[in-house]
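Take a look at the structure set out below.
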Amino acid sequence: MTASLPRQAAPPDEPHRPAENPRHKAERRALTLLIIVLLIGIPAGYLVISANQSRDSGKDKEQKYSATGLTAGWPSKVQRRLYQVPVPHPADRIAYYETNNWKTSRLYTQFRTNSAGLDSFLESMEVSRDDLRKGDISISARDQKITGWTFTGPGPWWGLTHKQKNPAPTQDVVVNLADPNFPMVYVVSRTVP
């Protein structure tokens, strides 16, 4: 035989609540559902958006770093500062390519500028037109092969090598003065990490 437990009576000072009407019950459930959706949906939506942005960023970086030759456009400001390649204004036909390994990092850059732009570029490297030597193709055959540059077209071709003490980069510069008003400049800047 089981013993039954006595029931506890409701406290006398608590008023009796009336039964909840169906409309109020539906409103309360809708409010609860809205709160749950907001607490779960907003963070989940944020995660989806963030994941898509991260994936897109990764694709952009993958495309940039999987390049195997010159890419049209300006090198980043960080690259220009690190490799000390101050592309002058105005300039067009700009392209660049960066390679990195444990031994040497290189930035290959080409651009066309005007006569004043060439002087400004050389001056920023702390050299001048007087340092250019006619017929000096200072960019190695290896570097020409990597970029696809050929220095056999109409010239005259002028070049120089600007050596600096590590960690500052060394720059090999070749200038095509076939059109002296709009010289084409080729630069290989290399640095040892």
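The values are calculated or read from the model by the stated rules, or taken from the named source; none is laboratory data. Just so you know, these numbers come straight off a predicted model, no measurement behind them. Glycine also receives a Cβ, built like all others from the backbone with ideal geometry; neighbour counts cover every protein chain displayed. Accessible surface areas use protein heavy atoms only, side chains included; no ligands, DNA or RNA. Shrake-Rupley method; radii C 1.70, N 1.55, O 1.52, S 1.80 Å.
Summary of computed values
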item	result
Principal-axis tilt of helix 115-124 within the chain, Cα atoms, nearest 10 degrees	70
Which of ALA141, SER128, GLY45, positive extreme of dipole for the chain (C-beta unit charges)	GLY45
In degrees, nearest ten, helix 22-65 long axis to first principal axis of the chain (Cα)	20
Accessible area in square angstrom per residue, the chain, 1.4 angstrom probe	71
For ASP136, residues with placed amide H under 5 Å, excluding near neighbours	GLY159
Exposed-site-free run, longest, the chain (rule: trypsin sites (Lys or Arg not before Pro); DSSP loop; at most 16 other C-beta within 10 Å)	8-102
5 Å-binned pair-distance histogram of segment 113-157 (Cα, whole percent)	5, 18, 19, 25, 24, 9, 0
The chain, dipole about Cα centre (Lys/Arg Cβ +1, Asp/Glu Cβ -1), debye to the nearest 20	560
DSSP loop GluC sites (Glu not before Pro) with at most 11 other Cβ within 10 Å excluded, longest remaining stretch of the chain	21-125
Percent carbon-and-sulfur accessible area, the chain, ignoring ligands, DNA and RNA, probe 1.4 Å	57
